[in-house]
1. Which ones in segment 28-40 are within 19 Å of PHE120 (Cβ to Cβ) and touching a residue at least 24 places away in the same chain (Cβ under 8 Å)?
2. What single numbered condition from (1) surrounded by fewer than 17 Cβ atoms within 10 Å (Cβ to Cβ); (2) assigned to a helix (DSSP H, G or I); (3) assigned by TED's automatic domain parsing to the domain that holds ARG280 fails to hold for VAL233?
3. Against the definition (more than 19 Å from the chain's Cα centre (by Cα), touching a residue at least 12 places away in the same chain (Cβ under 8 Å), assigned by TED's automatic domain parsing to the domain that holds PHE162 and buried (at least 24 other Cβ atoms within 10 Å of the Cβ)), how does ALA390 come out, yes or no?
4. For segment 330-380, give me the residue count where each residue is within 29 Å of PHE107 (Cβ to Cβ), without any contact (Cβ under 8 Å) to a residue 60 or more places away in the chain and small (Gly, Ala, Ser).
5. Would you check which residues across segment 1-59 are surrounded by fewer than 20 Cβ atoms within 10 Å (Cβ to Cβ) and among the hydroxyl-bearing types (Ser, Thr, Tyr) and list them?
6. Considering only residues that are touching an Asp or Glu at 6+ places or on another chain (Cβ under 7 Å) and outside any loop (DSSP other than H, G, I, E, B), which ones fall in segment 193-230?
7. Where in segment 60-130 are there strands (runs of 3 or more DSSP E), lying fully within it, with 1 or more residues that are over 23 Å from LEU11 (Cα atoms) and within 20 Å of the chain's Cα centre (by Cα)?
8. Are any residues in segment 239-267 over 30 Å from VAL346 (Cβ atoms) and surrounded by 15 or more Cβ atoms within 10 Å (Cβ to Cβ), and if so, which ones?
Amino acid sequence: MDQPRPLMQTLRRELRSREQEIVRLLGKFVRCESPSHSKAAVDRFGRMVAREWRRRGAKVRLLRQTKRGDHVRAELWLGDGCPTGQILILGHLDTVYPLGTLPAMPFRVSGGRACGPGIFDMKAGIALALFAVDALKEVSSGLPKSAHGAPARFLGKRLVFFWNSDEEIGSDTSRREMEREACRSDAVLVLEPSFGLEGKLKTARKGVGTAEIIVTGRSAHAGLDPAAGVNAVHELALQIARLMKMNNPRRGITVQATVIAGGTVSNVVPAHACAHVDIRYARVSDAPGLDRKLRSLRPILPGAQLEVLGGVNRPPLERTAAVGQLLRRAQSLMGELNLPLGEVSVGGGSDGNFTAALGVPTLDGLGAVGGGAHSPSEHVIIRDLPTRAALIAGLLASL
């Protein structure tokens, strides 16, 4: 009698047979544009995703929003009785591309890649989750309950897939609900894109802050009576120089002025100026100090007025022992396929930052392998799609 095939090999084999189905669904997703600021467009895509989950027997709920797109929550488990735990799977419906991007950047398949706006970040992650569930349904009935990563363990978990509509613009309307779900969960899997062509997982992410420095001065004729004015641009430049002293690369702190505006015409002392400031930090403990330094900024030029808006928003995802344990589980599963799986720390944030800050074990970067996020070259590697879906399925089956 043939020995049963190990779970990961069985999953990947099943998913390889469905590779073209994955690509077709990806094309459908990409052609449904969903920029963050267009509620109607994001809702249209959200309904499409909701239909796919209902087809798989999930209990689907749309979390209605007034100004942003509705969030999609899909819940399922594949066994009898009541679940004994919960796994939260996170991702987002929105993209950074405005409506009308498709004619210049259509969905296309070429040279082993599938390309299009939002395909890598992160419509592929949503498609992979759907096919991971399909594969588990297909293979679980034929696996012995004593096998490694036995379906019996999987069947005891409630799976909650939460797709929000505003990740690319800060997750303001979804953060509270994601945190509520995370507090009920044993682990969180984030299907944001992987890192590099090796498909590394993201076990640490920097926290993110966004501030706006607004300066009010006093206008005057730049040639006839410059002393009567208070130069807001000059004040802003002095404040930016002060902000740059907050940089501390050894602690993973970076502060950058990214967008600046000020002045009207060349012969008028500018009365108004403002700058947007990007803040990144690696440790939760540094957040209060960064906020305190922002709030302590005071005008330097006599007569200038200063206002500081915003501040630290998204906490860092720190690599804890619990994150390391999740990584080792993922590496063990890939080891069954004789494939390596590395890790990386990145400067960008995700919704996994919020869940990790609550102390819930969070593993990020489980989505597609590819590149070019937020650019005309955005793409995924087609041959890696079945393996990534198998990894997601394997984690759902063994956590």
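1. Restricting attention to segment 28-40, the residues satisfying the condition of being within 19 Å of PHE120 (Cβ to Cβ) are 28-36.
Once the filter is applied, which keeps residues that are within 19 Å of PHE120 (Cβ to Cβ) and touching a residue at least 24 places away in the same chain (Cβ under 8 Å), segment 28-40 yields PHE29, VAL30, ARG31, GLU33, SER34, PRO35, SER36.
2. That leaves (1) as the condition not met.
3. Values: more than 19 Å from the chain's Cα centre (by Cα): yes; touching a residue at least 12 places away in the same chain (Cβ under 8 Å): yes; assigned by TED's automatic domain parsing to the domain that holds PHE162: yes; buried (at least 24 other Cβ atoms within 10 Å of the Cβ): yes.
Criteria met by ALA390.
4. Summing the residues that are within 29 Å of PHE107 (Cβ to Cβ), without any contact (Cβ under 8 Å) to a residue 60 or more places away in the chain and small (Gly, Ala, Ser) in segment 330-380 gives 1.
5. Within segment 1-59, SER17, SER38 meet the criteria.
6. Taking segment 193-230 as the starting set, the residues that turn out to be touching an Asp or Glu at 6+ places or on another chain (Cβ under 7 Å) are 193, 199-205, 210, 214-215, 217.
Correct list: LYS200, LEU201, LYS202, THR203, ALA204, ARG205, THR210, ILE214, VAL215.
7. Working: elements: 71-76, 85-92, 108-110, 113-115.
The qualifying strands (runs of 3 or more DSSP E) are 71-76, 85-92, 113-115.
8. Going residue by residue through segment 239-267, those that are over 30 Å from VAL346 (Cβ atoms) are 262-267.
Answer for segment 239-267, where residues must be over 30 Å from VAL346 (Cβ atoms) and surrounded by 15 or more Cβ atoms within 10 Å (Cβ to Cβ): GLY262, GLY263.
The values are calculated or read from the model by the stated rules, or taken from the named source; none is laboratory data. These numbers come from a predicted model, not from an experiment. Virtual Cβ from ideal backbone geometry, glycine too; neighbours counted across all protein chains shown.
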